[in-house]
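The structure appears right after this line, and notes come after that.
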Amino acid sequence: MGKLDVKILRYLTPEDFRVLTAIEMGMKNHELVPALLATQIANLRYGGVHKLLKEMCKHKLLSYERGKRYDGYRLTNAGYDYLALKVLTQRGTIRSFGNQIGVGKESNIYIVANEEETPLCLKLHRLGRTCFRNIKGKRDYHQHRHSASWLYLSRISATREFAYMKALLDRGFPVPKPIDFNRHCVVMELVEGGPLCNINEVDDVEALYDELMDLIVRLANHGVIHGDFNEFNIMIKDDGKPVIIDFPQMVSTEHENAEAYFERDVNCIRDFFKRRFGYESELYPTFRDISREDSIDAEVKASGFARQIQKEINTFLTENGIDYKEEKDNIDNEDSEDSEEETYESCVDNIEDLKCQLKDLQLQNEIVVKKEFNALTR
Ligand code: ADP
Ligand code: MG
């Protein structure tokens, strides 16, 4: 994947974006979007669209591929990036782009600036490449689903991160202020400082240890477990105070494996403090110490994952060639009786959840994409 060439944003015309958005919309239910379908969605002349499609393939915003039954176009990572960046730019959330400051397993991080030239952090979520790892078997439909799902999964990951950050900030947790999001992109406050993994010395090791353990407990009292609470996801500000980042994988304290997730977070901190600072303490929190006082888990859940859409999801999956029953048989430990929490919590490693995400995003897509589509092409 190449570097983000944002200059290209300026050269793309409203028609280009109309066609790009048409491909995005077509990908909701087509593996590859034929030129004719793109033309219909974009509502432009076929000859013109054809030329634009070719042009955008040259710029690697789209790729043209031969399928089993028909040929067509699909959005590339870059194409998806530009759609989101165009919207964020248009809204005035971001104005200029700076350097890439991080490459995670599932994200790229850039410094950007708003119209007041305040530096901000832009996180582009990149999911989908690994999400089928836990599904047994390599059937054709996995492969088939694979290529379009990265778009939906990256989008839900960003949405989820934004929702958690907002809920946490509202409750006074030290997290970057979430500013805006679109598709797979989240814009947030830039934390001045560096990740804990780069810190070799602190003034008061014990105080920092206590503060981090206290955060783990406070999160749990609010119904959530970070799930990846380690030295890479804790930033230390210039004043020595910690800021927590990286939230897409957060789980509810009601999750069946909550205790294990909780202990893992605690142990990450214990291990790191031992390794880095030679600090060990008899005192560390256990899952029994938590006393629930709030429900961030339910709040975020209510913002998009409802059980009544299950039926629609099944229809959607059937239409998209996923055999739900067969998929389900392939997954270990699936408990259909109590699948609501599962559905929401296990993020991308089970099909039940994938269904929710796909549907949720499909609904969002309907509304958001249509609105943007009209705004961009007017
Ligand atoms: P991933 O899910 O890929 O791990 P993270 O959210 O953890 O993504 O971000 C990756 C890295 O980018 C972090 O370790 C940190 O160095 C940097 N980073 C992320 N968010 C911010 C931020 N708001 N301010 C400053 N740096 C950040
Ligand atoms: Mg991280």
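The charge dipole of segment 171-272, taken about the Cα centre with unit charges on the Cβ atoms of Lys, Arg (+1) and Asp, Glu (-1), comes to about 460 debye, rounded to the nearest 20. Using only alpha carbons, segment 18-131 has a radius of gyration to Kirkwood radius ratio (Rg to Rh) of 1.04.
Judged by the mean number of other Cβ atoms found within 10 Å, the most tightly packed of the peptides 116-125, 20-29, 99-108 leads the ranking 20-29, 116-125, 99-108. Taking amide H positions as modeled 1.01 Å from N, with prolines and chain starts lacking one, the residues under 5 Å from ILE179 and 5 or more places away or on another chain are VAL187, MET188, GLU189.
Within 10 Å of each candidate Cβ there may be at most 12 other Cβ atoms; applying that plus a DSSP loop requirement, which GluC sites (Glu not before Pro) in segment 175-243 survive? Counting only loop positions with at most 12 other Cβ atoms within 10 Å, the GluC sites (Glu not before Pro) in segment 175-243 are GLU192, GLU201. Karplus-based coupling profile of segment 80-89, in residue order and whole Hz: 5, 4, 5, 4, 5, 5, 4, 5, 5, 5, with θ = phi - 60° in 6.51 cos²θ - 1.76 cosθ + 1.60 and x standing for Gly or Pro.
Solvent exposure of segment 216-284 amounts to 45 Å² per residue of accessible area, where only protein heavy atoms count and the probe is 1.4 Å. Kindly identify segment 158-292 as rounded, prolate or oblate by the Cα gyration tensor criterion: order the square roots of the eigenvalues as a ≥ b ≥ c, call it rounded if a/c is under 1.5, otherwise compare a/b with b/c, prolate if a/b is larger, else oblate. Cα axes put segment 158-292 in the oblate bin. The portion of the accessible surface of segment 18-97 made up by carbon and sulfur, rounded to a whole percent, is 50 (1.4 Å probe; DNA, RNA and ligands excluded). Please say if segment 1-82 is rounded, prolate or oblate, where rounded means a/c under 1.5 for a ≥ b ≥ c the square roots of the C-alpha gyration tensor eigenvalues, and otherwise the choice is prolate for a/b larger than b/c and oblate otherwise? Oblate. In plain terms, the C-alpha convex hull of segment 157-223 casts an average shadow of 5.5 nm² when viewed from every direction.
The values are calculated or read from the model by the stated rules, or taken from the named source; none is laboratory data. The structure displayed is predicted, hence computed values, not measured ones. So basically every Cβ, Gly included, is an ideal-geometry build from the backbone, and we count neighbours across all protein chains shown. Surface accessibility is based on the protein's heavy atoms, side chains included, excluding ligands, DNA and RNA. Shrake-Rupley method; radii C 1.70, N 1.55, O 1.52, S 1.80 Å.
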